[in-house]
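Data block below; observations after.
The values are calculated or read from the model by the stated rules, or taken from the named source; none is laboratory data. Note that the structure is predicted; figures quoted are calculated from it, not measured. Neighbour counts run over all protein chains shown; Cβ positions are idealised from the backbone, glycine included. Accessible surface areas use protein heavy atoms only, side chains included; no ligands, DNA or RNA. Shrake-Rupley method; radii C 1.70, N 1.55, O 1.52, S 1.80 Å.
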Amino acid sequence: MELSKLSFGLAVAASFICGAVTMSLFQSNPQQQPQTYQQQFVEEHIAQAPEQQATAVAPVINKQVAEVNSNSSAIVSKSDLEQQVAELKLQVENQQAVIASYRSSAIPPQQIDSHLDELYTLLEEQSRDEAWAYQVETAMSDFLIMADLPVQPQLSVSTCKSSVCQFKLLQPEGSDDLPSHYWRNMTDKMMEQSWWKQFKFTSTTSSDDSLTIIASTE
């Protein structure tokens, strides 16, 4: 009887030990580990995927931004050039209009020669208006004195009638050569004088040492 109880106790203990060993083996089954490693690998790649995508996409975005900036600069430059071209065309048109105006108002050479002949004829045939002629002749003499010219020319001819005058200026005797553009600069100053603005037609003929002027109020 006691032997039976002992056997039964041993059997129970053996069963408990076998169960514990079996549970331990089941929990430490190596087939379960790969699943855990695979899950960790997938999680790591999922975590790394956004960074890899961002790294790959960044150069493409930068290139597109650079292309947009380049295209914008090209568009702005082209717009500036088009504006400059339009302004130059407008300036050319204005200059052409000015030239056309001068051409339309200019007197043809043949007409100038004919008018000069008429003035010289008037100078010979026209009667003298003493008051007017004396006033203009005196104004010319005063101008030559007061004009602050580098060299004062010699007034060899000063003749006025009633509407036409002739003056001839010479380089002073014993003086050196006249400065460059001397006669041109002198006539420019003369035409700014109020008493000279009454003349509507003026013709000048110059050489290195002389200047002849004929002018008419008609």
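Condition first: among the charged types (D, E, K, R) and either at pLDDT below 75 or within 26 Å of THR202 (Cβ to Cβ) (or both). Now tell me which residues in segment 84-114 satisfy that. Listed by number, the residues that qualify are ARG103, ASP113. Condition check: exposed (fewer than 10 other Cβ atoms within 10 Å of the Cβ), hydroxyl-bearing (Ser, Thr, Tyr), at pLDDT 80 or above and in contact with a Ser or Thr (Cβ under 8 Å, 6 or more places away or on another chain). Does SER127 satisfy that? Answer is yes for this residue. Only one entry of LYS189, LYS197 meets the criterion of being without any contact (Cβ under 8 Å) to a residue 12 or more places away in the chain, farther than 23 Å from ASP117 by Cβ and either out of contact with any Phe, Trp or Tyr (no Cβ under 9 Å at 6 or more places or on another chain) or open to solvent by 20 Å² or more (accessible area, probe 1.4 Å) (or both), and that entry is LYS197.
Considered as a group, the residues in segment 143-171 that are polar (S, T, N, Q) and outside any loop (DSSP other than H, G, I, E, B) include one that is most open to solvent (accessible area, probe 1.4 Å), and that residue is GLN154.
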